[in-house]
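Contents: one structure, followed by commentary.
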Amino acid sequence: MERSLVLLKPDCVQRRLVGNIISRFEEKAINIIAMKLIQVTPELAKQHYAEHVEKPFYPGLEEFITGAPVVAMVVEGLEVIRVVRDMLGATNGLKAAAGTIRGDYSSSRQMNLVHASDGPEASQREINLYFSPSEICPYSPTLTPWFKAGDE
């Protein structure tokens, strides 16, 4: 099993799309093993986006991500990092394919509703920024045998 951090960004929360997005993950048999509503602070934003802090667009990014609450989640599943990123679609909602979350709900590069870890290292680092080990509650749904073969 693989894990990823998913953030339902301020635009997702403000547009009241949280339930729709969570439903799409659940329908795909992705386990949500931690979730909370938080206000990202400037300090947390700087840690999360450390590679962008010195870039000219960073002040606008920080203003956006700290502008309203986010829903932070840890999701778990087979190849979940790739699967979630495929579900999100292209970063720019105008370029995202119909049927993806961004393709269906976003028309912006920055206001693209959802962040998801882009690899295993980023996933571990980001999960540790937002959650303590005691906040993560892995479980096996009773429906698991109907979602994947036993040898997967």
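The values are calculated or read from the model by the stated rules, or taken from the named source; none is laboratory data. What you see is a predicted model, and the numbers here were worked out from it, not measured in a lab. Note that we place each Cβ from the backbone using ideal geometry, even for glycine, and neighbour counts take in every protein chain shown.
The residue list ILE65, ILE30 contains one member that is modelled with pLDDT of 95 or more, closer than 28 Å to TYR139 by Cβ and over 11 Å from the mean Cα position of the chain (by Cα), which is ILE30.
Please verify whether the range 26-44 includes one or more residues that are of a type outside the set (D, E, K, R), in a loop (DSSP other than H, G, I, E, B) and surrounded by 17 or more Cβ atoms within 10 Å (Cβ to Cβ). Yes - at least one qualifying residue is present in the range 26-44.
One line per residue, one yes/no per condition, for (1) closer than 30 Å to ASP151 by Cα; (2) within 12 Å of the chain's Cα centre (by Cα); (3) among the aromatic types (Phe, Trp, Tyr); (4) surrounded by 15 or more Cβ atoms within 10 Å (Cβ to Cβ):
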{"site": "LYS46", "(1), (2), (3), (4)": "no, no, no, no"}
{"site": "GLU51", "(1), (2), (3), (4)": "no, no, no, no"}
{"site": "GLU54", "(1), (2), (3), (4)": "no, no, no, no"}
{"site": "GLY60", "(1), (2), (3), (4)": "no, no, no, no"}
{"site": "PRO69", "(1), (2), (3), (4)": "no, no, no, yes"}
{"site": "MET73", "(1), (2), (3), (4)": "yes, yes, no, yes"}
{"site": "GLU79", "(1), (2), (3), (4)": "yes, no, no, no"}
{"site": "ASN92", "(1), (2), (3), (4)": "no, no, no, no"}
{"site": "ALA98", "(1), (2), (3), (4)": "no, no, no, no"}
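Within the range 11-54, being of a type outside the set (A, V, I, L, M, F, W, C), under 18 Å from TYR130 (Cα atoms) and free of Cβ contacts under 8 Å to residues at least 24 places away in the same chain holds for GLU43, LYS46, TYR49, GLU51. The residue of the range 26-35 that is nearest to ILE81 (Cα to Cα), among those that are of a type outside the set (Val, Ile, Thr) and in contact with a helix residue (DSSP H, G or I) (Cβ under 7 Å, 6 or more places away or on another chain), is LYS28.
Among the residues of the range 119-152, the ones that are modelled with pLDDT of 90 or more, acidic (Asp, Glu) and out of contact with any Ser or Thr (no Cβ under 9 Å at 6 or more places or on another chain) come to 2 in all.
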